[in-house]
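See structure below.
The values are calculated or read from the model by the stated rules, or taken from the named source; none is laboratory data. Given the structure is predicted, the values throughout are model-derived calculations rather than measurements. Glycine gets a Cβ as well: all are built from the backbone with ideal geometry, and neighbour counts include every protein chain shown.
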C-alpha cells in the first residue's frame with residue numbers, strides 16, 4: 001500500500017516474558033512496513049529485557065529503551081519521548097495484533113484526524129470475542145464536545161461506552177495530538193489503574209477531529225492474564241489506587257475548566273471499584289467483607305452509584321445498582337444473589353425446559369424425551385463431568401488400549417483415501433439452511449474428493465458398528481451427538497478420509513488429507529482448543545469435529561474399539577465429552593506412535609465467525625476468520641439484517657470466495 005508516513009508503535013514492558021515472543025512477532029509481521037517499534041523495558045526483573053534485545057538484533061525497526069521501574073504511565077511517556085513517527089499506536093506486551101492492524105488505520109486516513117478508533121477482540125486464553133464500536137462516525141465541533149462529556153458511560157446503561165472505547169490501544173493518534181497530551185499525562189505517573197481512560201479524555205480534549213470505525217481492527221486484548229493489575233492485590237490497597245486515580249482525574253478535569261464533566265471522574269471510579277468487586281464477589285468472603293466495610297463509608301462511591309443509577313433505563317440494571325447502594329452485609333448480599341439465581345433457573349425451566357420436554361414427548365414419546373432431557377443436562381455440565389470422570393474412564397479404557405502399546409500404523413499398508421464424510425441423521429433435504437451452506441462450502445474446497453453424505457438411510461453402507469450400540473441409539477438411550485462420535489471413527493477406520501462436522505464452514509482451502517503423507521492421523525489444534533482439556537500435564541491437541549485418517553490407521557482402529565468395548569461392558573458412555581476423554585487417554589499413553597502429539601497448530605479461533613454472524617458484513621474482518629474452518633451452530637437464529645455475515649458470507653459464500 002502507499003506509504004503515508006512513519007508509525008511509531010510503543011510497547012511498555014514490565015515482567016511479561018511469557019507473552020513477548022507472540023506480541024513482538026505480531027509487530028514485525030505488519031503489512032504496513034514503515035514502522036518503528038519502541039520497546040520500553042521498565043526495569044523488568046525477569047528475562048523480558050533479554051527477549052527484547054534479541055528481537056532488536058533481528059529487526060532494525062526495533063529500538064529497546066532501558067529505564068528504571070517507574071510504572072506504566074512513566075514507561076508510556078518514555079516511549080512517546082523517544083518516538084519519531086507521524087502517527088503513534090500502543091500495544092500492551094501481553095496482547096498482540098493481526099498483520100493488517102497498522103494498514104487498517106492507514107487506509108482509514110481519508111482526511112486528517114487527531115485520533116482514529118476501531119473495534120477490537122478480547123482474548124480469553126485463545127477464545128476471541130468481537131467488540132464493535134457503536135457506529136462509523138466523525139466527531140468534531142458539537143459532536144466532539146458531546147462525546148467528551150459522555151465517552152466513559154454507555155447510553156442509558158451501566159457499561160463502558162463503545163463509541164470509541166476507553167483504551168489507548170484500539171486507536172491511532174497523530175503526533176500533534178500526542179504532543180498536546182503529554183504534559184497533562186505526566187500528572188498520572190503516580191497511578192496504576194484507569195490511566196487509559198484518563199489518556200483518552202486528554203486526547204479528546206486536545207483533538208479537533210476524531211474518526212470512529214465501527215468494524216474490528218485486529219487488536220487482541222488479553223483478558224486471560226492473571227497478573228493483570230485489575231486481577232491482583234489487597235482489597236484496601238486496590239481501593240486506595242482507585243481513589244488516587246479519581247483524585248488525579250478530577251484535578252485534570254478542573255484544570256481544563258470542565259466542571260460540568262466532573263461526573264466522568266465518578267464514573268471511572270465506579271468502573272474501577274466494580275472491577276475489584278467482580279474479582280472478590282465469588283472467591284473470597286473475607287475480602288468481600290472488607291470491601292463492603294470500606295465502601296459503606298465511601299462518599300465518592302455513593303455519589304458514583306447515584307450518577308450510574310440516573311443513567312439507567314433497564315430495570316434489571318437499576319436493581320443491581322440499588323443492591324450495591326444498600327446491601328453491605330455479605331450474608332444478606334449472598335442470599336439475595338443466590339435467590340436471584342434460583343429465580344432465574346426456575347424461569348428458564350418454566351419457559352424453555354418444560355415446553356421443550358413436552359415437544360420431545362409429543363414427537364418421540366416419553367421414553368426418548370426423558371433421555372433427551374438427560375442429554376441436555378449432560379451437555380450443560382459437560383466440562384465438569386469430563387474432569388471429574390477422566391480418572392475413572394482412564395482406568396476402564398487402559399485394558400483395551402494396552403495391547404496396542406508400542407505399535408504404530410504401517411503407512412505403506414494404510415492408504416490415503418479421498419473421502420469426505422458429513423453426517424446429518426435426518427438427511428440434508430430437511431437440514432437447516434446453515435448446515436446446507438456448510439455442505440456447499442465443503443464441496444467448494446474439497447472438489448477433488450468423494451463427498452459422502454451420511455444419514456439414517458446411508459450410514460450402514462459404510463460402517464460396521466456393533467448391533468447393540470445401533471439398537472440402543474435407535475431407542476434413544478445413546479444421543480445423536482455420541483452416535484456421531486462413534487460413526488466418525490468407524491467410518492475412517494473402514495474407509496479412510498476426512499470427517500467434517502455438518503456445521504463446519506470453509507472460507508478458504510484447508511485440506512487435512514495433504515497432511516497425511518507422513519502420518520496416520522490429523523486434526524487441528526487452534527487458539528481456543530489447546531486449553532479446553534488438561535490432564536496429567538497433557539493438553540488437548542485436536543478438534544474432534546474435523547479429523548482425517550488413513551484407512552485402517554491404528555489410532556482410529558483403537559478408538560473405534562474403545563467405543564464398542566466400553567459400551568458393551570458399562571452400558572453407558574458416562575459423559576457428554578466421552579470422545580475427548582478417549583482422545584486424551586490415547587494421547588497420554590502415546591497410542592499409534594504418539595499420533596496426537598503431531599497435530600498441526602494454527603493461531604486462530606475456529607468459533608469466531610459464529611460470534612460475528614448477526615453483525616454487519618465487513619470485508620475488513622475477513623482476515624480474522626479465513627485461516628481455519630469455522631465451527632457454527634445448526635440452531636443459530638439470524639436477525640433481519642440483509643447485510644449480515646450470515647447472509648453475505650455463509651448463505652452466499654460462493655459470491656464471496658474471491659474477496660475472502
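Only one of the numbered conditions (1) modelled with pLDDT of 90 or more; (2) surrounded by 15 or more Cβ atoms within 10 Å (Cβ to Cβ) is not met by residue 601, and that is (2).
Residue 562: farther than 16 Å from residue 409 by Cα, in the same structural domain as residue 463 (by TED's automatic domain parsing) and touching a helix residue (DSSP H, G or I) at 6+ places or on another chain (Cβ under 8 Å), yes or no? For residue 562, the condition - farther than 16 Å from residue 409 by Cα, in the same structural domain as residue 463 (by TED's automatic domain parsing) and touching a helix residue (DSSP H, G or I) at 6+ places or on another chain (Cβ under 8 Å) - is met. The conditions of being within 20 Å of residue 583 (Cβ to Cβ), in the same structural domain as residue 591 (by TED's automatic domain parsing) and not in a strand (DSSP E or B) are not met by residue 507.
Residue under question is residue 52, and the condition is that it be part of a helix (DSSP H, G or I), modelled with pLDDT of 95 or more, over 19 Å from residue 220 (Cα atoms) and in contact with a strand residue (DSSP E or B) (Cβ under 6 Å, 6 or more places away or on another chain); does it hold? Yes.
Just one residue in the set 173, 139, 120, 151 is in contact (Cβ under 8 Å) with a residue 12 or more places away in the chain, more than 23 Å from residue 73 (Cα to Cα) and buried (at least 20 other Cβ atoms within 10 Å of the Cβ); that residue is 139. For residue 573, the conditions (1) buried (at least 19 other Cβ atoms within 10 Å of the Cβ); (2) under 21 Å from the mean Cα position of the chain (by Cα); (3) not in a helix (DSSP H, G or I) all hold with the exception of (2). Considering the range 250-297, the residues that are without any contact (Cβ under 8 Å) to a residue 12 or more places away in the chain and assigned to a helix (DSSP H, G or I) include one that is surrounded by the most Cβ atoms within 10 Å (Cβ to Cβ), namely 274. So, in the range 627-647, how many residues would count as being crowded, with 17+ Cβ neighbours inside 10 Å and either in a loop (DSSP other than H, G, I, E, B) or in the same structural domain as residue 121 (by TED's automatic domain parsing) (or both)? The qualifying residues number 4. Residues considered: 322, 294, 300. Of these, the only one that is under 30 Å from residue 150 (Cα atoms) and at pLDDT below 85 is 322.
For the range 203-212, the condition holds for no residue, the condition being that it is surrounded by fewer than 22 Cβ atoms within 10 Å (Cβ to Cβ), closer than 23 Å to residue 72 by Cα and under 24 Å from the mean Cα position of the chain (by Cα). Tell me the residue from 162, 154, 150, 170 that is closer than 25 Å to residue 304 by Cβ and at pLDDT 95 or above, please. Residue meeting the stated conditions: 170. Filter the range 485-517 down to the residues that are surrounded by fewer than 21 Cβ atoms within 10 Å (Cβ to Cβ) and touching a residue at least 24 places away in the same chain (Cβ under 8 Å), then identify the one that is nearest to residue 649 (Cα to Cα). Top of the filtered list is 508. Is it true that residue 92 is surrounded by 15 or more Cβ atoms within 10 Å (Cβ to Cβ) and outside any loop (DSSP other than H, G, I, E, B)? No: the conditions fail for residue 92.
Regarding residue 330, is this residue touching a helix residue (DSSP H, G or I) at 6+ places or on another chain (Cβ under 8 Å), modelled with pLDDT under 85, surrounded by 14 or more Cβ atoms within 10 Å (Cβ to Cβ) and farther than 17 Å from residue 153 by Cβ? Considered against the rule, which asks whether it is touching a helix residue (DSSP H, G or I) at 6+ places or on another chain (Cβ under 8 Å), modelled with pLDDT under 85, surrounded by 14 or more Cβ atoms within 10 Å (Cβ to Cβ) and farther than 17 Å from residue 153 by Cβ, residue 330 comes out as yes. Among the residues making up the range 110-135, those that are farther than 26 Å from residue 528 by Cβ and modelled with pLDDT of 95 or more are 113, 114, 115, 116, 117.
Do the conditions hold for residue 350, that is, is it farther than 30 Å from residue 578 by Cβ, modelled with pLDDT under 65 and either in a helix (DSSP H, G or I) or touching a strand residue (DSSP E or B) at 6+ places or on another chain (Cβ under 8 Å) (or both)? Criteria met by residue 350.
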